[in-house]
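Asker: Following this message is one structure expressed as structure tokens.
Computed from the coordinates by the stated procedures, all read-outs in this text should not be read as laboratory data. Note that the structure is predicted; figures quoted are calculated from it, not measured. Don't worry about glycine lacking a Cβ; one is built from the backbone with ideal geometry, like all the others, and counts go over all protein chains shown.
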Amino acid sequence: MNSPTQPSSNRVLNYERVKSDKHSAQLYTRRKPAKHKSEMKMVSQAVLMLPNDEVKTFLDVPCGVGRMSLWLGQKGFSITASDLGEAALDLTKRSMSDAGINADVNSQNIFSMTYDDRSFDATICFRLLHHFSDQQNQTDLIAELCRCTKKYVLISYLSPYSYTSMRRKMRKLLTGKPVKQNPTSLRELKSMFSANGFELFSTVKRSGLLHSLQLATFAKID
Ligand SMILES: C[S@@+](CC[C@H](N)C(=O)[O-])C[C@H]1O[C@@H](n2cnc3c(N)ncnc32)[C@H](O)[C@@H]1O
């Protein structure tokens, strides 16, 4: 393993959503079923587009309470699941072992993971990017995902062009209150991935006109 560079403590401390405590981790296991179902559908659509023979190992980061890891493990991928939240990791360990799936579940700061370069055939980063308003955080996060990945990075993002994103923007303009969800355009994403030698492979949208959540897959340029 590489020796990790020391994470910027601000990045971790500014991010209030680390699921270290049992309560916030438990809440995540009780997400609205329809929302959960449509998010899992996006992931399954994106994963089914990956060439079978190229992807055996998957990194799920941040894994949260392990819903992606569980699904990917059930599909037969070899799973490494990482998060900073202790309670989230405990729940992930438990659900993987209940399902009889052997996974490496461990604590990592996504900005400075201790994995070697190109450790995983594919990496999924679901529902994290939009929590960072600062472009440098987004750039650093993407660089770290690309560093650890041999071939494919799947990343969710919020489109700025959906009704929901526009409504949030209007609310911010009118009330001055900061928004917690920060959109990123596909053009910006492409540019951040291209700086790391990756190109767009596929995109999947969450069903429904109002939703801004999208999932893009980027592939390493050989
Ligand atoms: C919204 S949840 C998404 C979890 C999972 N991908 C899913 O969709 O179910 C975000 C997760 O990011 C984790 N997290 C926040 N900052 C992190 C960091 N710097 N490194 C690793 N995990 C982090 C939180 O603990 C939380 O479990």
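Asker: Within 10 Å, count the other beta carbons around each residue, average over each peptide in 26-37, 129-140, and list them highest first.
Answerer: Top of the packing list down: 129-140, 26-37.
Asker: Which ordering of R94, R147 is given by a fewest-first count of other beta-carbon atoms within 10 Å?
Answerer: Result, fewest neighbours first: R94, R147.
Asker: Based on the alpha-carbon gyration tensor of the chain and its eigenvalue square roots a ≥ b ≥ c, which shape applies: rounded if a/c is under 1.5, prolate if not and a/b is larger than b/c, or oblate? Show your work: numbers first, answer last.
Answerer: Working: a/c = 1.28, a/b = 1.20, b/c = 1.07.
Here the chain falls in the rounded category.
Asker: Using the structure shown, select from K37/K93; K75/K220; K151/K190 the pairs with a Cα to Cα distance greater than 20 angstrom.
Answerer: Distance filter (> 20 Å) returns K37/K93; K75/K220.
Asker: Same structure, new question: Select from H36, T149, T80 the residue farthest towards the positive end of the dipole of the chain; place +1 on Cβ of Lys and Arg, -1 on Cβ of Asp and Glu, and compute about the Cα centre.
Answerer: Value computed over the given set: H36.
Asker: In terms of Cα to Cα distance under 19 Å, which aspartates and glutamates are near enough to K19, apart from those fewer than 8 places away along the same chain?
Answerer: Reachable aspartates and glutamates: D60, D83, E86, D90, D104.
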